[in-house]
Every structure is written in C-alpha cells, then in structure tokens.
Amino acid sequence: PTMAHSKALLVLENFIGGKFVPCSSYIDSYDPSTGDVYCRVPDSGKEEVEAAVKAAKDAFPVWSSKSPLERSQILNKLADLIEHDLEAFAQAESKDQGKTITFARTVDIPRAVHNFRFFASSILHHVTECTEMPTVGCVHYTSRAPVGVAGLISPWNLPLYLLTWKIAPAIACGNTVVAKPSEMTSVTAWMMCKLLEKAGVPAGVVNVVFGTGAKAGEALVCHPDVPLISFTGSTLTAQRITEKSAPHCKRLSLELGGKNPAIIFDDADLSQCIPTTVRSSFANQGEICLCTSRIFVQRGIYSEFLKRFVAEAKKWKTGNPSDPTINVGALISKEHLEKVRNYVKKAQAEGAKILCGEGVDPLSLPPGNQKGYFMLPTVIAEVKDESCCMQEEIFGPVTCVVAFDTEEEVIQRANGVKYGLAATVWSGNVGRVHRVAHRLQSGLVWTNCWLVRDLNLPFGGMKASGIGREGAKDSYEFFTEVKTITIKH
C-alpha cells in the first residue's frame, strides 16, 4: 500500500507495563463486511511476550497485596468507563468482527461491563473453610492466595465479552495478566487498554500482547513464569496448549467448541420454541460456541415445525452490520466463510435437502458490501447423524433439522458427538424435562429457553468441549491457590 493508504489504517500497539509499545512487524486485519484491510495488528512473538510477563511479574507483589475491596473499586471504575464509551466500543466491535451493531450494543459490550461489575462484587463474598479436631487439639483452616501471572487467550467471536470474562476474575483475585486476543479482532482490547490507567489499574497488572496463536500464543503458553492459562477457542488448539504446557505442569481452563442439540418434543410450545430456536441457530452469524446446530424434532410435529422454522429463518435479514434493522452480519473471514459453505456443499452431495439460505435463496447486498463475507441463514434437512454436518462444529449460520420418535432414541443421538457444551430441551412435561436434562452429556442444559445466564453458576463443557468451569466460585478457585493450615493448640 502507498504511504497515503497506510496512514488511514488504524495501527494497534501492544500494551506492556502500562505503556503502548510499537512492534517491529504487523499483520493485516480485515473489515469482514467489506473485505478491505482496515487495521494493522502487532505480530508479536517471544520478545514481546517476555517483556509483558516481566511487567506482570513486577506488578504482582503490589497488586496481590491490595485488599479485595481496593481491587473491587478499581474493577467497578473500569466498568463505568467502558459503559461510558459503550457506543464507541459497540461500533468498533461490529466493524472489526462483522457482527451486527445491534448485537454489539445489546450483548457484547453490556456483558463486558457486567463481567467487571460481577467479579468486583463476587470477590467480596468468598469465604474460606475451617474445621476443628478437639480430640487431638487441632484446628484446620484454608487460605487462598493469587497464583501469579495468568495467560489469557481469547477468540474472535465475542472479542471483548470473552476477554473480560477472563481478565475480570483473574485480576479480581489478585493475579496479574498477559492477554492475547485474536489477531482478527483486537481493536476493542486495545481500546480497553486506554482506560486502564484512568480506572486506577496499576501499570503491569494488565498487559495485552497482540498477534497470532502460532507465535504470540505459543510463547505465552511455553513461558515458565506463567503458571495459569485460560483459553477459549478450538479443540485442536487446546490439544496443542495441553502438550506445550505439560512440561511446566500449568493449570488449564479450556472452553472449547460445541455441537449443541435442541430437542423438541411434540408437546413443546412452538410459538416460543420457533423464534428462540431461530435465534439460537443464527445469532451472531451462528458464531457462538453455544449455538444450536442440531435440531431434533419429534415426528408428530416435524413437518409443521420445519415449515414454520424455515419461514421464520427467511425473515432474518443479512447485510451491512451497521444497519440497525439487520439480523445477520458478516462472517469473520474469507477462509471461514469458505469453510462454512463447504459444509453446506458436503451436505448437498450426501443427499440432504437445503431448505433455505446458501445456494437456494438470492443474497442481495448493498453496493459497499459486495466483497464482504456474508451468508444467509441456512437450514438443512434429511441429513444423517454420521454426516460431518451433524458431527463437526460448523460455527456459521447453518443448522440441521432431523426427526426422532422416542425419548430414549433422541438422548442417544443427542449424546452421539464428541462435544458436550450446551443443549436445549423443549417440552411442556416437567418430568420429561428433568429426565432428559439429567441424561444429556452437556455442561449446560436450557429448557424452554436459550442463553439465559447467571454468572454465579458454573459455565463449561464435557467431553471435547473443555476442561474446568468458570463462574463466581469456579473462577475464584481457578485463579487462586488454596492452602490448608493446621494449628495444634
């Protein structure tokens, strides 16, 4: 690019030890809704990670010795500052990620604010345990202390939302952090760094190093002075993180993919079920690990469900993310769009029926968005359980609808994938709802609703969907080291 061209691009810098630091090389980041490069992100590696870890180590003694109340006040101040700039953050998130401005305004940024407020509060309510053994004249108690430098690696689908879901508990507990957001969506993390000093976060407590997983992520995971890694992303990357951190015996929290079933019994309230299931399939372009991508419908209502579901899916509008009337924005990248489209092609080749969306309905886009990475909400029927479309995480606006006959059968089929993150059950029968929920191999089960979250409760998956849980108590346990102390009197 010419000098004039590169001047217009946003250029991010790493945030290390309370200062923005330029990097020697950069990666292009695209605006998914236009296909143009709009931002340059540091291509950090060992050297930058080394500097960030050193800054975090240096800041640890002072930060960890602050009282929970002092840390709580700082987290609340940071939440206020992000909330004050909510519109600017939402615009940036939408442009960087491709998600609709509506979703960024109502979900991503409010949740990032809530993450800080939630942990600012929860940190004040944890208590340690104490037991007595009068017969031997001993009393035992536990104490918890922050662990040290936490390495936090977050994905591109909900950039600030998932980054703050890690930063907030880590620093609330008294750790210092080195965070690496996705190189595809780094802007809101960089914007947050500008607010840290004003919020009263001491230099070095939060360091953000931008770059790829292969370079920056690897350097962070392999660093001997980073005892904890919290990662959200793909199962494949998690395997590499596990291997690389094994020699250092690191503590891992891994939140991975899902292939989440919705089970719809013939006594479901379809007036609630259909709009919610459309949302759970296509919200954020289907780029949420909790999205529904396998819909099992009891045979008695299968054809009615399908007809109404497709009609509702066709009402969702795809287009320029900054248009507030749009439901579906752009997918994250050209490569990802290609991957998602290939799943639809495979389903077609296997004899499945594409009922609406990709390759079936015309996609009309505004002139400025012709080169963007867009795809219509796509519904696939008559697909076999063993098809890759029913087994692998597609992570796009694609869902598969199949029929089932009995409760027993659908539990087996719903459990018949390697993942186990979330599931939804739709039925008016309370007994059935409990029975099915107990037997699904899934970290979260929603019945007659979707994505209703209480941050107090454990969040995470079974099987290939991850290791560990996050939530008030769970995050506190992950981000602190417990010690049992015995006193003989």
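Spot the failing condition for K166; the list is (1) farther than 20 Å from L252 by Cβ; (2) basic (K, R); (3) open to solvent by less than 10 Å² (accessible area, probe 1.4 Å), and only one is missed.
(1)
Within the stretch 152-199, count every residue that is among the β-branched types (V, I, T) and either within 11 Å of T232 (Cα to Cα) or outside the structural domain of S122 (by the TED database) (or both).
Step one: list which residues in the stretch 152-199 are among the β-branched types (V, I, T), which gives 153, 164, 167, 171, 176-178, 185, 187-188.
Filter once more, so that each one left must be either within 11 Å of T232 (Cα to Cα) or outside the structural domain of S122 (by the TED database) (or both): 153.
Qualifying residue count for the region: 1.
Give just the number: which of (1) open to solvent by less than 10 Å² (accessible area, probe 1.4 Å); (2) touching a strand residue (DSSP E or B) at 6+ places or on another chain (Cβ under 8 Å) does V113 not satisfy?
In the conditions (1) open to solvent by less than 10 Å² (accessible area, probe 1.4 Å); (2) touching a strand residue (DSSP E or B) at 6+ places or on another chain (Cβ under 8 Å), V113 misses (2) alone.
For the stretch 308-326, state whether one or more residues are in contact with a Pro (Cβ under 7 Å, 6 or more places away or on another chain) and farther than 30 Å from G443 by Cα.
Yes: the stretch 308-326 contains one or more residues that are in contact with a Pro (Cβ under 7 Å, 6 or more places away or on another chain) and farther than 30 Å from G443 by Cα.
Where the second residue is open to solvent by less than 50 Å² (accessible area, probe 1.4 Å) and among the small types (G, A, S) and the first is more than 12 Å from L355 (Cα to Cα) and lies in the stretch 303-325, which pairs have Cβ atoms under 7 Å and are six or more apart or on separate chains?
Every condition considered, the pairs that remain are N320/S33; P321/S33; P321/S94; P321/G98; P321/G329; P321/A330; S322/S94.
Just one of G372, G359, G351 is within 14 Å of V398 (Cα to Cα), among the small types (G, A, S) and part of a loop (DSSP other than H, G, I, E, B); which is it?
Checking each option against the conditions leaves just G359.
Tally up the residues in the stretch 88-110 that are in a helix (DSSP H, G or I) and either open to solvent by less than 30 Å² (accessible area, probe 1.4 Å) or among the β-branched types (V, I, T) (or both), please.
Residues that pass the stated criteria total 14.
Where in the stretch 12-79 are there strands (runs of 3 or more DSSP E), lying fully within it, with 2 or more residues that are within 24 Å of the chain's Cα centre (by Cα) and surrounded by fewer than 22 Cβ atoms within 10 Å (Cβ to Cβ)? Outline the logic, then answer.
On the way: elements: 14-16, 19-21, 26-31, 36-42.
Output list reads 26-31, 36-42.
I want to confirm something. Restricting to the stretch 218-240 and keeping residues that are more than 17 Å from the chain's Cα centre (by Cα) and free of Cβ contacts under 8 Å to residues at least 60 places away in the same chain, which single residue is farthest from G45 (Cα to Cα)?
Keep residues of the stretch 218-240 that are more than 17 Å from the chain's Cα centre (by Cα), which gives 218-228, 239-240.
Still in the list and also free of Cβ contacts under 8 Å to residues at least 60 places away in the same chain: 218, 222, 224, 239-240.
Details: E218: 8, C222: 12, P224: 15, Q239: 20, R240: 17 Å.
Filtering the stretch 218-240 for residues that are more than 17 Å from the chain's Cα centre (by Cα) and free of Cβ contacts under 8 Å to residues at least 60 places away in the same chain, the one farthest from G45 (Cα to Cα) comes out as Q239.
Do we find that P202 is within 21 Å of the chain's Cα centre (by Cα), in a loop (DSSP other than H, G, I, E, B), touching a residue at least 60 places away in the same chain (Cβ under 8 Å) and closer than 20 Å to I82 by Cβ in this structure? Give the derivation first.
Working: within 21 Å of the chain's Cα centre (by Cα): no; in a loop (DSSP other than H, G, I, E, B): yes; touching a residue at least 60 places away in the same chain (Cβ under 8 Å): yes; closer than 20 Å to I82 by Cβ: yes.
Criteria not met by P202.
Residues in the stretch 255-267: is at least one in the same structural domain as L355 (by the TED database), open to solvent by 20 Å² or more (accessible area, probe 1.4 Å), touching a strand residue (DSSP E or B) at 6+ places or on another chain (Cβ under 9 Å) and touching a residue at least 60 places away in the same chain (Cβ under 8 Å)?
Yes, the stretch 255-267 has at least one match.
The values are calculated or read from the model by the stated rules, or taken from the named source; none is laboratory data. What you are looking at is a predicted structure, and each value in this text was computed from that prediction instead of being measured. FYI the Cβ positions are ideal-geometry reconstructions off the backbone, even for glycines, and counts take in every protein chain you see. Ligands, DNA and RNA are excluded from the accessible area calculation, which covers all protein heavy atoms including side chains. Shrake-Rupley method; radii C 1.70, N 1.55, O 1.52, S 1.80 Å.
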